[in-house]
Amino acid sequence: MRRAAYVAAVSFVLQKCHSATSTPADMIPTTVPFVVDAHLALPGVDVKVLTFAQCDPFTAVFESTRHTLCMSLTPQVTYSSGAYLDADGSPGTWLQFGDVNYGPIGTRMLVTAPGVACYRAVYCSFDADSFAETTGLDGHWSRKQLMAAVDVRAPTIRRDLYRVVQEISEAGFGRETLIGITARLALAEVVRYLHDEQQWPATAQRSALATWQLRRIRDYVEGM
């Protein structure tokens with residue numbers, strides 16, 4: 001079984017959070033205990049390796065304030081699902097997150113996730129200027145590209161993010177330079193992936209939600 005994607009929600013959890021169980025802040029909800037295993041802040045790029053414990057299921061709306069690329073480092077994590085919100089706040093197509101995913105700046109999602117005892121993940125986030133400098137793009141994506149971004153299956157990106165984890169966990173020569181270059185390389189690979197539809201899995205379409213997920217979504221919406 002390949003690593004699943006509860007971690008996907010965290011790319012948004014790390015950004016501005018608007019949920020019934022957390023305070024609005026550029027941080028994760030206070031209901032999710034976490035440990036910072038490693039952190040390196042570079043100009044325009046921020047890299048973290050975090051370990052979380054979220055024992056209870058949750059449903060929340062998250063807004064991404066930076067371009068965020070993340071990858072689960074914990075195998076066999078239970079899947080979460082999310083739907084991008086339209087301008088009027090209506091959720092679109094429901095999608096299952098992959099263990100590697102990309103959250104573009106300015107996107108808002110309604111996310112529902114099961115509880116999990118513990119998981120570890122790496123996050124590389126980029127401000128708008130760093131994104132533009134690295135990719136030459138303005139960060140606007142089509143609907144189909146946004147759907148593909150929740151489950152990025154390019155092996156080269158996985159390779160690059162594992163290298164980031166290795167470098168940030170050690171105190172080797174040129175560590176900061178290598179992390180900055182590798183994180184930007186992974187971002188460029190994501191952009192290439194999102195512009196090559198032939199790489200996308202055929203199943204990157206609508207995904208069914210479990211009964212418990214539908215119930216939590218209904219309760220959350222009714223309580224807004």
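What the table below lists for this structure:
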quantity: Counting all C-alpha pairs of the range 91-207, share separated by more than 20 Å (%); calculated: 47 percent
quantity: Fully extended contour minus Cα-Cα distance, from E176 to A132, at 0.36 nm per residue; calculated: 13.8 nm
quantity: Two-site FRET efficiency, T156 against V36, from Cβ-Cβ distance with R₀ of 30 Å, rounded to 0.05; calculated: 0.65
quantity: Using a Förster distance of 25 Å, the FRET efficiency for S169-D56 (Cβ separation, nearest 0.05); calculated: 0.25
quantity: The range 139-154 versus the range 39-62: alpha-carbon centroid distance in Å; calculated: 20 Å
quantity: Area of E197 that stays accessible when all protein chains are in place (1.4 Å probe, Å², to 10); calculated: 100 Å²
quantity: Tensor-based shape of the range 55-133 (alpha-carbon gyration tensor, a/c under 1.5 rounded, otherwise prolate or oblate); calculated: oblate
quantity: Dipole magnitude (debye, nearest 20) for the range 96-172, charges at Cβ of Lys, Arg, Asp, Glu; calculated: 420 debye
quantity: Net lengthening on full extension, K144/R192 (0.36 nm per residue, minus Cα-Cα); calculated: 15.9 nm
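The values are calculated or read from the model by the stated rules, or taken from the named source; none is laboratory data. Owing to the predicted nature of the structure, the values given are computational and were not obtained by experimental measurement. Every residue, glycine among them, receives a Cβ derived from its backbone with ideal geometry; neighbour counts consider all protein chains shown. Just the protein is used for accessible areas: all its heavy atoms, side chains included, with ligands, DNA and RNA removed. Shrake-Rupley method; radii C 1.70, N 1.55, O 1.52, S 1.80 Å.
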